[in-house]
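Notes to accompany the following structure.
The values are calculated or read from the model by the stated rules, or taken from the named source; none is laboratory data. Just so we're clear, the structure is a prediction, and the values are computed from it rather than from any experiment. Backbone-built Cβ (ideal geometry, glycine too); neighbour counts: all protein chains shown. Ligands, DNA and RNA are excluded from the accessible area calculation, which covers all protein heavy atoms including side chains. Shrake-Rupley method; radii C 1.70, N 1.55, O 1.52, S 1.80 Å.
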Amino acid sequence: STFKSTLLAHTISWCGMMCLWEEKDLNSKNNNLKYMNKQIAFENIADELIELYKAKNKAYGNSFGETFAKLGIISAITRISDKHNRLVNLATNKDIDNLGESIEDTLRDMANYCIMTLVELRSKNDKV
């Protein structure tokens, strides 16, 4: 009877440890899956940014690069700041007429301006 109680206690303990181990392993797999899903989402957004960059460069030409060449980084900071101000207005002022520009549109534009700035800085061999 004492042997059976001890055996039962050890069995329950072992089962508990295995359940915890399996739960930890499952959580690790779920976290990895969440990370992979976010990585895929990031890659999809990066692809969207590339397509947006191509479309806008087709429409506007190399106006960003030309302005950067004339005025330097302040031209990029100005455009990024304008988009930042637009983002703040869209996020904090729900009654604003957003002229068809969403928060996502603004964030994509800001991201592309940041990348375009890096391209210009690197093409000039400036310190980044």
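Worth a mention:
- Taking the 1.4 Å solvent-accessible surface of region 27-69 as the whole, the part contributed by carbon and sulfur is 57%.
- Summed side-chain charge close to ASN112 - residues other than ASN112 whose Cβ falls under 12 Å, Lys, Arg +1, Asp, Glu -1: +1
- Low-density loop cleavage sites - trypsin sites (Lys or Arg not before Pro) in region 51-128, where at most 15 other Cβ are within 10 Å (DSSP): LYS94, LYS124, LYS127
- Which listed pairs, of LYS58/LYS83; LYS70/LYS124; LYS56/LYS83; LYS38/LYS58; LYS54/LYS124, have C-alpha distances above 23 Å, in listed order: LYS38/LYS58
- In percent, rounded to a whole number, the relative contact order of region 71-123 is 45, using alpha-carbon pairs under 8 Å and six or more apart.
- A Förster radius of 22 Å, combined with the Cβ-Cβ distance separating GLU48 from ASP82, puts the computed FRET efficiency at roughly 0.55.
- Efficiency of FRET from Cβ geometry, ILE103 and ASN62, R₀ 30 Å, rounded to 0.05: 0.65
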